[in-house]
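Engineer: Below is one structure. I have some questions about it.
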Amino acid sequence: MAVQNPFFGKREPETFQPRQPAITPGSANGLHPAGTPSPASSAAASAKASTESTGSKLTVGPNIKLKGVEITDCDTLVVEGTVEATMDSRVIQISEQGAFRGSADIDIAEIRGDFNGTLTVRQKLVIFSTGKVSGKIRYGKLVIEEGGQISGEIDVGAASSAARSPGARSAEAAAIAA
């Protein structure tokens, strides 16, 4: 960011100064005299650990429309606007005003808005009270809050029945016939 000089309309660059970690008085290394971590240094360490655990995150903000893309190598997708895409990721979070149309292979899905398309959730699908999911849905575990909606071709298990081996299908048919 540049700061405007009041003389002659010239701009001078603002100097960048990185933040230094907070060190409590009397401790040169962020430790209390007894050798225990200070609250400031442990808070900084926990903030760093939570940042590292979240991985890569893509947020599509409100009133933003993202169309015709393939989203890969994204740990968390947060949808506050509209996304029409194909994706393979760890986590998708669709906000109340968010909408996703397309295909998604996800570990964990948290739906507060609209999802329409093919959704494969390897671990846990959570549909909140404002959430609407429709299309071809596969899930490992399912949680639907009161008011949440789900419709379409719904199957438990991340693998579709068509993808199972012929031997497994015949064993299922034999078990049903017996």
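Each row is one residue, and each column tells you yes or no for (1) in contact with a helix residue (DSSP H, G or I) (Cβ under 8 Å, 6 or more places away or on another chain); (2) at positive phi; (3) modelled with pLDDT of 95 or more.
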site: ASP73; (1), (2), (3): no, yes, no
site: MET87; (1), (2), (3): no, no, no
site: ILE94; (1), (2), (3): no, no, yes
site: GLU110; (1), (2), (3): no, no, yes
site: PHE115; (1), (2), (3): no, no, yes
site: VAL126; (1), (2), (3): no, no, yes
site: GLY131; (1), (2), (3): no, no, yes
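Engineer: Can I ask one more? Go over the candidates GLY98, GLY55, GLY61 one by one and state the one that is at pLDDT below 90, under 14 Å from the mean Cα position of the chain (by Cα) and not hydroxyl-bearing (Ser, Thr, Tyr).
Structural biologist: The conditions single out GLY55.
Engineer: Identify, by number, the condition in (1) over 16 Å from GLY148 (Cβ atoms); (2) more than 10 Å from the chain's Cα centre (by Cα); (3) β-branched (Val, Ile, Thr) that VAL121 doesn't meet.
Structural biologist: Every condition holds for VAL121 apart from (1).
Engineer: What are the pairs, 6+ residues apart or on separate chains, where a residue within region 142-155 that is free of Cβ contacts under 8 Å to residues at least 40 places away in the same chain has its Cβ under 7 Å from a residue that is among the polar types (S, T, N, Q) and part of a strand (DSSP E or B)?
Structural biologist: Sorted first by the residue in region 142-155, then by its partner, the pairs are SER151/SER134; GLY152/SER134.
Engineer: Same structure, new question: Which one is surrounded by the most Cβ atoms within 10 Å (Cβ to Cβ), of the residues in region 104-147 that are part of a strand (DSSP E or B) and among the hydroxyl-bearing types (Ser, Thr, Tyr)?
Structural biologist: TYR139
Engineer: Does GLU84 satisfy being over 21 Å from GLY140 (Cα atoms) and in a loop (DSSP other than H, G, I, E, B)?
Structural biologist: no
The values are calculated or read from the model by the stated rules, or taken from the named source; none is laboratory data. Source: prediction; values computed, not measured. In this analysis, Cβ positions are derived from the backbone assuming ideal geometry, glycine residues included, and neighbour counts consider all displayed protein chains.
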